[in-house]
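Below is one structure; the comments refer to it alone.
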Amino acid sequence: MGNFTSSSSTALPPLKTVTSCNVDRFATGAWFVIGNIPTYPERHASNAVERYALTQGKKSNDIDIDFQYNDGDPITGKLKSLPQKGWLVKDKPGEWRVSPFWPLKLPYLILELDTDHYNYCVIGYPNRNYAWIMGRKPVMDGKIYDSLVEKLVKDHQYDVSKLRKVPQKWTAEERSKREVSVDECPDEMLATD
């Protein structure tokens, strides 16, 4: 996910995060950004994918994050990468800290999570200026997407007027170039035109 800015909304209560998150399951495989209230660098992002890798105590951070997207068109847009570092917050399974660069450590709040299958999640930011709806595949069932948007509004008091669907248009070549597996982006989800 892109860089954040800080402004605050004092009229709203703090966001509530999930109370359970198996980080080993969460940090395995790709997360496709299906919708977002974007940060500045993400305004025209397409084929946005985030990957996490647990560092297993080998580094000062807990998680290495690889965020990649095409700038503009999903196939011809320039590929951008924003590596980040992540830290788990002790005794708060739904709260991490993420750093796009030192010394900045920003809140990463897991607001919604499919705790049965880890197929979707919603990430929020305290001032509600940013949000990410992510899934394990580049296409999300419309009913699930709509329910997550509704939860952003009803459960988390988000204004979703700036929420955008992130274009996810994949070819076999793009899938291979980006090292996305066939399990993550099955052939039936590839663009046909």
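A few comments on the model shown:
- On the principal axes of its alpha carbon atoms, the chain extends 47, 41, 33 Å, with the longest extent given first.
- Where a label projected 7 Å from the Cα of A191 along Cα→Cβ would reach, residues of the stretch 164-185 with amide N under 17 Å: 165-180, 185
- Estimated at the nearest 10 Å², the accessible area of D193 is 150 Å² with a 1.4 Å probe.
- Pairwise Cα inverse-distance average, inverted: Kirkwood Rh of the stretch 92-193 (Å): 15.4
- Cα extents for the stretch 89-136 along the principal axes, largest to smallest and rounded to whole angstrom: 35, 25, 18.
- For peptides 55-61, 141-147, sequence by mean Cβ density within 10 Å, most packed first: 141-147, 55-61
- With every protein chain in place, the chain: carbon and sulfur % of accessible area (1.4 Å): 51
- Listed by chain and number, the aspartates and glutamates whose C-alpha is less than 16 Å from the C-alpha of K177, apart from same-chain residues fewer than 8 away, are E50, D66, D71, D73, D187.
- Of the beta bridges in the stretch 44-193, as assigned by DSSP with both residues counted there, near 95 percent are antiparallel.
- T115 versus D73: modelled label distance in nm, points set 7 Å from Cα along the beta carbon direction: 4.5
- Calculated P(r) tail over 24 Å for the stretch 34-137, as whole % of Cα pairs: 23
- Cα-based helix-to-principal-axis angle, 142-154 vs the chain, degrees rounded to 10: 20
- Across the stretch 178-193, coupling constants 3J(HN,Hα) worked out from phi with the 6.51/-1.76/1.60 Karplus curve, θ = phi - 60°, read 8, 6, 8, 6, 5, 5, 6, 9, x, 3, 5, 9, 7, 5, 9, 9 Hz, and Gly and Pro carry x.
- Here D183 and Y40 are evaluated by their C-beta separation; at R0 = 30 Å the FRET efficiency comes out at 0.40.
The values are calculated or read from the model by the stated rules, or taken from the named source; none is laboratory data. Just so we're clear, the structure is a prediction, and the values are computed from it rather than from any experiment. Don't worry about glycine lacking a Cβ; one is built from the backbone with ideal geometry, like all the others, and counts go over all protein chains shown. Note: accessible area is taken over every heavy atom of the protein model, side chains too, but ligands, DNA and RNA are not part of it. Shrake-Rupley method; radii C 1.70, N 1.55, O 1.52, S 1.80 Å.
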